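Participant: Got a structure for you, questions after.
The values are calculated or read from the model by the stated rules, or taken from the named source; none is laboratory data. Predicted model, so just to flag it, every value in this text is computed and none were measured. Neighbour counts are summed over all protein chains in view; Cβ atoms, including those assigned to glycine, are modelled from backbone coordinates with ideal geometry. Areas reflect the complete protein model, heavy atoms only, side chains present, ligands, DNA and RNA absent. Shrake-Rupley method; radii C 1.70, N 1.55, O 1.52, S 1.80 Å.
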Amino acid sequence: MRYRPLRHNSEFGRVYARGKAYVDHALVLYVLKTRAKQTRVGLTATKKVGCAVRRNRARRVMKAAIDEHLDYNIGGYNLIFVARAATPGLKSWQVSRAMARLFRQAGLPDKALDPGAPPPASRPPRRSEEARPAPPEGQAGAP
């Protein structure tokens, strides 16, 4: 299920003016509690982030992290996620971790922490021997 978007400049301005900001090295989260029953989300990547390709990548990885962490039944909130200059250069699992930290700071429920939830789609790669593929038969170590 997709989140409901914030669309108008006045809605963004209201959240910036009245909401509370939570800052991480990769993202900034603005949260405003509303009387509505639905949570709405806005994504922003300014020109400080880089060219259009980098801004689009930043929005793409933020959307993936939102799908992973945001539960749609948390009540009436307006959330704005602002990409920072480091966001496009990060892996998706790093942005996901940053979003989990922001949710914890803001006191919002995190869907990824629910015991019945499926594991996150993006995890850091393993760095162990069992993660490496075995060499084919007959080519094991002899030069």
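Participant: Describe numerically, in nm with one decimal, the distance between label points set 7 Å from Cα along Cα→Cβ at Ala36 and at Tyr72.
Facilitator: Result for the modelled spin labels: 1.4 nm.
Participant: Write down the accessible area per residue of segment 29-100 in Å², having rolled a 1.4 Å probe over the full set of protein chains.
Facilitator: 49
Participant: Test of understanding: extend the Cα→C-beta vector of Asn9 to 7 Å, then name every residue of segment 39-80 with backbone N under 18 Å from that spot.
Facilitator: 42-48
Participant: Here is a follow-up. His25 versus Glu137, label points 7 Å from Cα toward the beta carbon: distance in nm?
Facilitator: Here the answer is 4.7 nm between the modelled labels.
Participant: Checking the cross-link filter: which lysines have an alpha carbon closer than 20 Å to that of Lys33, excluding same-chain neighbours under 8 positions apart?
Facilitator: Filter leaves Lys20, Lys111.
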